[in-house]
Amino acid sequence: MANRLENEDSPYLQQHKDNPVDWWPWCDEAFQTAQKENKAIFISIGYSSCHWCHVMEETVFENEECAAILNESFISIKVDREERPDIDKHYQEVHMLLNRRAGGWPTSIFCTPQNKPFFAGTYIPPESNAGSIEGMGFKELTQLIATKVAENDPQLFKNADEVESFLKHSEHPKEATVLKEDFTKNFMLQAKNNFDTKNGGFSQKPKFPQASTLNTLLNIDRLYKDKSAKSMVIHTLNSMKKGGMYDLVDGGFCRYSTDEEWLVPHFEKMLYDNALLSGVYVDAYLRYEDESYLDVARECVDFWVNHMSEDELFYSASDADSEGEEGTYFVYSYEEVHTLLTNAGISQVEEKMAAMSITKEGNFEGKNIVRFEESTPPEWFTEIKPLLVKLRGERVYPFIDKKVQTSWSSMMIHSMFKLGAIDHKYQQRAIKHLNKLLETMFIDETLYHTTLIHKEPKVEAFLEDYAFLSQALLSAFKYTQNEIYLIHAQRFINKALEEFYDKGTWNFSVGEFVTKAEITDNTYTSSISIIIDTLLTLGVLLEDEKYTHFAFKSMEYNSYELGRKPIFSPYMLLQALRYLKGERIIKATYENLSTNALTLAKLDYPFVQYRESNDEGFMICGEKSCFAHTQNVEEIKKLLLDSL
């Protein structure tokens, strides 16, 4: 018999509807019941494509003994972190406070009946390991907590009160410092210290792509012709696209690599990774003119458009597991590929399989992940790739989370507009997806965060939704010059200022959970940094200094940390450079802007806006005056450089 989650829209909550645990969704009634019945509260936070969330479900939440303890002594609440990032942010802070280290997913929180947290963990196995609290298994831990709550253990409740008081204490940053281009030197030093010279990237295993760091390095090269920045970008992009974390068969990036070499991924695919990385590869193609970068960008976008969307709306993620095991959809045995290629009449089968890293021993648990050590697949792979796709087509595809998210969808639309400067069909697709997203998520003057396809949205937008949607709208305006997108962007930025801004600080969420927005680019780019980007753009396009002022105050408030640790906030560093260096506006007829879109996109100077005008040729302007005019689009590059 299904539990209360049966009535929830979230795909993640739906995955748990048949657990023997008597789950509650996040609601007032759950907390009222806990207080009324004097039961401890267990809050479990995860998401649908999270491998360890599935492991905990199998080992703990489907375990009858564990379920019996929870059902007797706890009110158990299940939360989808993608549906409610405000709740997740709050409890990640709790985890950091209690454990002095970052959390992760699944997140396991235990609270008093009054909903005051006192214990936080991540994956907790069912059985205990050793005698320490760290090694305590779920059964022993929950029995201990149930006993202490039932006995009103004074130390437990005192600890919970202390945690609550710490959470209410807000820290202010140290004194502001002057924004300086010199911050770039510190960023480069920190990037070089983190850089893996052998494999690219900025960490050891597990290895995340860190799109924001790559993006800022690429723009530092554009601004300063920095050879070190260029080298780090090219080496990392080349290493990542060899195959493994990058899926050479279907296209698209997996979440991260479990090794240093970008070979063995965690096989889930997230919309935000593919959106941000496709944008980086587009920019790298425009800068370095390597066609393979353009191929990767197209394949990322095409995968999401063709396989991960419906009615012009993007799905949020696909799972790592299928048929109960991780990666089974993605990997190949030596024998099946050998038979496949032989039967298809492919020549030099053994040599080509070796080039694809397909061996009898395998490179992943006896099976094979397709990979080319030379980084760019040879021409003959175009003949073999459809055969590998067909072979996958006979398998069970991993679970797809069909949740639509405003912020993540906007990231992909933004990248599609950039790609549209090279191939116009992507601009047309971007327009359709943007218009559908607005129609679906902006209802009766209210913007929403998430919904399921063909369902009414319920969760209202957070700062990240306003920020990334406004960025996508401003991209739409840049490449189409359709004023409606500029009007929409101004509306959402004004609303964000009204709802989330306070004297240089930004909240991520307001209402039930007031959580601070972060300046660090963690899983994806900081929503503060993106809103600063949109404020600077709007200030220039509307010639309204109040938006530029809000952007400056936001950077000034965080300037001490930005100057000291810019590696943690690469996108904010880029906006600080933009503020200091100044914007350039190219004014021309729409026909001139559209016809020369690729040439304009290849300009070295990264901080350029477009404005439709009746000028013949191209007028080059700063923020307050125009200073040059040319009939020749090729001269713009020099005119921009001369103006700096």
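What the table below lists for this structure:
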| item | result |
| --- | --- |
| Counted residues, region 22-44 - those being under 31 Å from the mean Cα position of the chain (by Cα) and in a loop (DSSP other than H, G, I, E, B) | 2 |
| Filter result (surrounded by fewer than 23 Cβ atoms within 10 Å (Cβ to Cβ), more than 20 Å from Arg392 (Cβ to Cβ) and not hydrophobic (A, V, I, L, M, F, W, C)) within region 294-324 | Glu310, Asp311, Glu312 |
| All positions within region 427-437 that are surrounded by fewer than 19 Cβ atoms within 10 Å (Cβ to Cβ) and touching a residue at least 24 places away in the same chain (Cβ under 8 Å) | Lys432, Asn435, Lys436 |
| Number of positions in region 428-448 that are of a type in the set (S, T, N, Q) and either modelled with pLDDT under 95 or assigned to a strand (DSSP E or B) (or both) | 1 |
| Filtered residue count, region 394-426, keeping only those that are farther than 17 Å from Lys455 by Cβ and surrounded by fewer than 20 Cβ atoms within 10 Å (Cβ to Cβ) | 9 |
| Single residue of region 453-481 satisfying the filter (touching a helix residue (DSSP H, G or I) at 6+ places or on another chain (Cβ under 7 Å) and in a loop (DSSP other than H, G, I, E, B)) that is surrounded by the fewest Cβ atoms within 10 Å (Cβ to Cβ) | Gln481 |
| Residue count for region 235-254, restricted to those that are open to solvent by 20 Å² or more (accessible area, probe 1.4 Å) and either closer than 15 Å to Ala297 by Cβ or touching a residue at least 60 places away in the same chain (Cβ under 8 Å) (or both) | 3 |
| Condition met for Lys139 (in contact (Cβ under 8 Å) with a residue 12 or more places away in the chain and in a helix (DSSP H, G or I)) | yes |
| Qualifying residues in region 263-293 (those that are open to solvent by 10 Å² or more (accessible area, probe 1.4 Å) and aliphatic (A, V, I, L, M)) - the one nearest to Leu419 (Cα to Cα) | Leu286 |
| Residues of region 488-541 that turn out to be at pLDDT below 95 and outside any loop (DSSP other than H, G, I, E, B), as a count | 4 |
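The rows are residues; the columns are (1) of a type in the set (A, V, I, L, M, F, W, C); (2) open to solvent by 50 Å² or more (accessible area, probe 1.4 Å); (3) in contact (Cβ under 8 Å) with a residue 60 or more places away in the chain.
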{"position": "Ile585", "(1), (2), (3)": "yes, no, no"}
{"position": "Tyr590", "(1), (2), (3)": "no, yes, yes"}
{"position": "Asn596", "(1), (2), (3)": "no, no, no"}
{"position": "Leu600", "(1), (2), (3)": "yes, no, yes"}
{"position": "Asp604", "(1), (2), (3)": "no, no, yes"}
{"position": "Phe607", "(1), (2), (3)": "yes, no, no"}
{"position": "Asp615", "(1), (2), (3)": "no, no, no"}
{"position": "Phe618", "(1), (2), (3)": "yes, no, no"}
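The values are calculated or read from the model by the stated rules, or taken from the named source; none is laboratory data. Computed from a prediction, not measured in an experiment: that's the story for all the values here. Because the Cβ atoms are built from the backbone with ideal geometry, glycine has one as well, and the counts that use them run over all protein chains shown. Each accessible area value is taken on the protein alone, full model and side chains, heavy atoms only, with ligands, DNA and RNA left out. Shrake-Rupley method; radii C 1.70, N 1.55, O 1.52, S 1.80 Å.
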